[in-house]
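The values are calculated or read from the model by the stated rules, or taken from the named source; none is laboratory data. Source: prediction; values computed, not measured. A quick note on method: Cβ atoms are made from the backbone with ideal geometry, for glycine too, and the neighbour counts reach across all protein chains shown.
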């Protein structure tokens, strides 16, 4: 990520029409006359009339001249703004030749491997090669199970979206920087586009940035923010993410609670039938996909309170998640890495067991135990799905169970296997 140098006194005041020079390097402090950037090839990558946006797009510069003798960019300030130390610099439409991973990035990734982090958020991904470079480094340092969540923040990433999604473990719709790189009125359209693509490829998608921004300093959100969160969920986001609201805001708990309340309200009125149909129609239409759709449809018809899937790889849960099921999905597996992966998906909850049951009778006993532990009331229906023999890609059955006292389990549920 390109950032400015620090400034004398920690900030600099700029006015519209000011001329400011940008030098390559951050060794010296900047002023409102000249400041540096941490990317030394910015001079070569940019051309006259290119636009630079600083501090989340709050300050705009137009390059008026490239000073060959000093290798500085001479820019005109387009609006009044106070810029603080190390603010981000966006270059809309400029192809940057910088390597994706800096030395600091590589050191940070190795640190993550050594400390067994679960996932990495990859900022400013441009192409599938960026993901491959990161994946290779992680794999080489024992991080083959670390997930890569690619943040879509620039036009290059949008142009290469399909290949990036397929190479990533998940996608983040990072609307902050994306809205600086492209016209802000286009962000909602691209948000929907990215969510649809992720649903198609069966990858989790996180929608983020300024979702409840006013709650950074206020105890209640604006109505527009509530609608924004609601729409992101309605479109099919697996997760909605808070940033400054919970990281540094004055009302972090209230922000999380509000986000949760909005999500629960949306899910009360969600069109589950349509979502299940769309998920199957955009799938590969294999047996596993058909069973996932059948599980989801049956859950709607019988008002199931829980879906429990036995899956070594966790992929059964992932497929069911794509349908946007009406109830929670417990993914039962002995593989902790697979369970960590499923946590990113809509409605999925991990359940670790030392060994996945091999026979349906054993699965039934564990499924009913999970239901009772989860607080499912007696008389409620749950759905169990999995495969026999147990193994990756072996999903081949579903079974409806009714939560009863232990003595009535076997007799009542014998006829419910499909």
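Descriptive notes on the structure:
- The strands (runs of 3 or more DSSP E) found entirely in region 1-69 that carry 3 or more residues being touching a residue at least 60 places away in the same chain (Cβ under 8 Å) and not assigned by TED's automatic domain parsing to the domain that holds residue 176 are 11-14.
- Flag for residue 86 being assigned to a strand (DSSP E or B), in contact (Cβ under 8 Å) with a residue 60 or more places away in the chain and either within 34 Å of the chain's Cα centre (by Cα) or closer than 24 Å to residue 186 by Cα (or both): no
- Which listed residue, of 162, 169, is under 23 Å from residue 239 (Cβ atoms), in contact (Cβ under 8 Å) with a residue 60 or more places away in the chain and touching a helix residue (DSSP H, G or I) at 6+ places or on another chain (Cβ under 8 Å): 169
- Within region 354-386, the set of residues being closer than 12 Å to residue 404 by Cα, surrounded by 19 or more Cβ atoms within 10 Å (Cβ to Cβ) and in contact with a helix residue (DSSP H, G or I) (Cβ under 8 Å, 6 or more places away or on another chain) comprises 368, 381, 382.
- Positions within region 160-175 being part of a loop (DSSP other than H, G, I, E, B) and surrounded by 23 or more Cβ atoms within 10 Å (Cβ to Cβ), in sequence order: 168
- Lone unmet requirement of (1) surrounded by 15 or more Cβ atoms within 10 Å (Cβ to Cβ); (2) closer than 27 Å to residue 397 by Cβ for residue 225: (2)
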